[in-house]
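The structure under discussion appears below in the form of C-alpha cells.
Throughout, read-outs are computed from the coordinates displayed, never taken from laboratory work. These figures come from a predicted structure and were not determined experimentally. For neighbour counting, all protein chains shown are included, and Cβ atoms are generated from backbone atoms with ideal geometry for every residue, glycine included.
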Amino acid sequence: MIRLGVVGCGQWGMNHLRVFSSLPGVTLAVGCDHDPERLKRVQRLYPHVAVTTNLTELWKDASLQAVVVATPSATHYAIAKSALESGKDVLCEKPLTTSLAHAEELVRLAQRHQRILMVGHVFVFNPAVQKLYEYVKQGTLGTLYYLSARRTNLGPIRSDVDVIWDLASHDLSMFDYLLDGTAPRSLSASGGAFLASARADVAFISLEYPNHVVANVQVSWLDPQKRRELTVVGSEKMAIFNDVSLDAPLWVYDKGASLVQDYETYEQFRIQSWDRDATVPHFSRVEPLLNEAMHFVECVEHRQTPRTDGQNGLRIVRILEAIARSMGQGGAPVPLT
C-alpha cells in the first residue's frame, strides 16, 4: 500500500482527496492545510484521514511515500523541494513553479534523490485529448498546420498569479503533448491588466514551432462566455476539443483545402476544398483527474517516468517565463531556441 498525503485542502485539493481515496493500493494517510476549517471538512468527509497544519510532520513521517501539492502556485517550489529532500515522491499541481530557476532545481533534486516528480497537467489525461493525440500520431489529420486554443470565462480571478500562469499552462501542456515535447522556437504575447494593474487578466499568445507549425492561445478572466476549446488543423482533417461540451467533447471534421495544378483554366494553380462528414469518436469517459492519479500511483509503484514529469513541467515554465518577457517588452518576439 502506498501511503499518501495531500498538501492543500482547498477546492482542487479536495478533488485529489476524493480520487486518491477511491484507488486500490493507496492509503490516504493525511491532509495538510493552514486553514483549520478546511481540515474540519476533511475530517467530516474522510474520518480515517489524519489532519495537520504542520508540514514538518509530513516530512518526518518515514512511512509516507508520496505527497500531492495542491497549494497556490507561488508555494509549489518550497513545498515540493522539502518533500523531495525528505524522500517523498511528488505530484505537484500546475505550474510546477513560478520561476524557471526553481523548476530546474526541482528536476535536479528529483534526479539526485531518485524520486518521482510529476506535474498535474490534467488535460494530458483527458480521454478526449488522448484520442486526439492518437489521431495526430497516426497521421489521421495529415501534416499539422496549426493549433488554436481559447480558455475564457468571467473569473474565477486569482490573487497569486496572473491569467497566463493560471490558464495558459493548460493549453501549453496540451500543445506539448500533441507535439511530443517539441518546444516552440519563438513566441510573442500581448494582453491587459484591467482589474489589477500589476496582474494581467487577458492575454493573446502566438507561438512558432518547428516544421512550420504555428499556434495561438487566448486566455481571459474577463469574458462573457466560458470557453475551453482546442482546434487542431491538418492537411487532411481538422478537430475540435471542447471541454465544456459534455455530450460530444471531440469532433473530427473531414474538411480542408489544398493547392492543385489546373491547366484547363487561365490559372496555373487553384485551391480545391472539401467538406465531408463530421464524426464524434468513441473513447472512454474516465474522469481526467482520476486518470492522472492512477498514472501517478503506477509510476510510484513501478518507478516509471511520468508522462508529465519534471522535464515536462520545466518546458512549460520556460514558455510561461518567455511569455511574461514578451508582454513586458510590449509584445516583442522572444526566441526560445
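Using θ = phi - 60° and the Karplus relation 6.51 cos²θ - 1.76 cosθ + 1.60, list the HN-Hα couplings for segment 91-106 in order, rounded to whole Hz, with x at every Gly or Pro.
Per residue, the Karplus-derived 3J(HN,Hα) values read 10, 10, 4, 7, x, 3, 8, 10, 8, 4, 4, 5, 4, 4, 5, 5 Hz.
Which cross-chain or sequence-distant (5 or more) residues have an amide H under 5 Å from the amide H of residue 145, H modelled 1.01 Å from N in plane?
For residue 145, whose amide H was placed from the backbone, the distant partners under 5 Å are 233, 234, 235.
Using Cα pairs under 8 angstrom and six or more residues apart, how large is the relative contact order of the chain, in percent?
Working: 705 pairs, mean separation 61.9, N = 337.
Relative contact order of the chain: 18 percent.
I'd like the orientation of helix 169-178 relative to the chain: the angle between its Cα long axis and the longest Cα principal axis, in ° from 0 to 90, rounded to 10.
60
Compute the Kirkwood hydrodynamic radius of segment 28-108, taking the inverse of the mean of 1/r over all pairs of distinct Cα atoms, and give it in Å to one decimal. Before the final figure, lay out each step's value.
Values: mean 1/r = 0.0751 Å⁻¹.
Value: 13.3 Å, from the Cα pair sum.
So, with +1 on the Cβ of K and R and -1 on the Cβ of D and E, and no other charges, what is the size of the charge dipole of segment 145-252 about its Cα centre, to the nearest 20 debye? Walk me through the numbers on the way to the answer.
On the way: 9 positive and 13 negative charges, 36 e Å.
Value, rounded to 20: 180 debye.
Calculate how steeply helix 11-21 sits against the longest principal axis of the alpha-carbon atoms of the chain, using the helix alpha-carbon long axis, and give the answer as 0 to 90 degrees to the nearest 10.
70
At q = 0.18, 0.22 Å⁻¹, what log₁₀ I(q)/I(0) does segment 219-337 have when each alpha carbon counts as one equal point scatterer in the Debye sum?
These q points yield log10 I(q)/I(0) values of -1.16, -1.18.
Any idea what the alpha-carbon Rg over 2.2 N^0.38 Å comes to for segment 269-337? Please list the in-between numbers first.
Numbers: Rg = 20.5 Å, N = 69, 2.2 N^0.38 = 11.0 Å.
Relative to the rule-of-thumb radius for its length, segment 269-337 sits at 1.86.
Hey, what do the phi angles of segment 326-332 turn into as Karplus ³J(HN,Hα) couplings, whole Hz, using 6.51/-1.76/1.60 and θ = phi - 60°, x for Gly and Pro?
Whole-Hz 3J(HN,Hα) from phi for segment 326-332: 4, 5, x, 9, x, x, 5.
From the gyration tensor of the Cα coordinates in segment 99-249, what semi-axes in whole Å does the equivalent ellipsoid have, largest first, with each one equal to sqrt(5λ)?
On the way: eigenvalues 121, 102, 50 Å².
Three semi-axes, in Å: 25, 23, 16.
Quick one: among 30, 252, 260, which has the greatest mean-square fluctuation in a GNM of the chain with alpha-carbon springs under 10 angstrom?
Result for the chain, Cα springs under 10 Å: 260 fluctuates most.
If you take the alpha carbon radius of gyration of segment 63-188 and divide it by 2.2 N^0.38 Å, what ratio comes out, to two decimals?
Values: Rg = 16.4 Å, N = 126, 2.2 N^0.38 = 13.8 Å.
Dividing the Cα Rg of segment 63-188 by 2.2 N^0.38 Å gives 1.18.
Under a straight-distance cross-link criterion of Cα-Cα below 18 Å, which lysines are reachable from residue 131, leaving out those fewer than 8 residues away in the same chain?
Those lysines meeting the cut-off are 237.
If I model the chain as equal point scatterers sitting on the Cα atoms and use the Debye formula, what is log10 I(q)/I(0) at q = 0.12, 0.13 Å⁻¹?
-0.89, -1.03
Of the options 286, 141, 101, report the single residue whose Cα projects farthest towards the positive end of the charge dipole of the chain (beta-carbon charges: Lys, Arg +1; Asp, Glu -1).
Checking the options against the dipole of the chain, the answer is 101.
My understanding is that a pair violates if its Cα-Cα distance is over 26 Å; which of 40/226; 94/255; 137/255; 81/137; 60/81; 40/60 do that in this structure?
Values: 40/226 32 Å; 94/255 35 Å; 137/255 19 Å; 81/137 35 Å; 60/81 14 Å; 40/60 23 Å.
Among 40/226; 94/255; 137/255; 81/137; 60/81; 40/60, the Cα-Cα distance tops 26 Å for 40/226; 94/255; 81/137.
Just to be sure I understand: of the beta bridges DSSP finds with both ends in the chain, what percent are antiparallel, rounded to 5?
Numbers: 46 of 74 bridges.
Just about 60 percent of them are antiparallel.
Return the sequence-ordered ³J(HN,Hα) values of segment 25-38 in whole Hz as given by the Karplus equation 6.51 cos²θ - 1.76 cosθ + 1.60 applied to θ = phi - 60°, using x for Gly and Pro.
x, 10, 9, 6, 8, 8, x, 10, 7, 7, 9, x, 5, 5
Counting Lys and Arg as +1 and Asp and Glu as -1, what is the net charge of the other residues whose Cβ lies under 13 Å from the Cβ of residue 238?
Details: positive: 237, 255, 276; negative: 229, 236, 254, 275, 277.
Net local charge, residue 238 excluded: -2.
So how strong a dipole does the chain carry about its Cα centre when Lys and Arg Cβ are +1 and Asp and Glu Cβ are -1, to the nearest 20 debye? Present the calculation step by step, with values, prior to reporting the outcome.
On the way: 33 positive and 36 negative charges, 152 e Å.
Charge dipole, the chain, about its Cα centre: 720 debye, nearest 20.
Across every pair of different alpha-carbon atoms, what Kirkwood hydrodynamic radius in Å does segment 220-264 reach? Kindly include the intermediate steps, with their values, before the conclusion.
Working: mean 1/r = 0.0768 Å⁻¹.
In segment 220-264 this quantity evaluates to 13.0 Å.
Sort largest first and round to whole Å: the equivalent ellipsoid semi-axes of segment 1-137, each the square root of five times a Cα gyration tensor eigenvalue.
Details: eigenvalues 113, 78, 42 Å².
That gives 24, 20, 15 Å for the three semi-axes.
How would you rank 12, 165, going from fewest to most other Cβ atoms within 10 Å of each one's own Cβ?
Going from least to most buried by this count: 12, 165.
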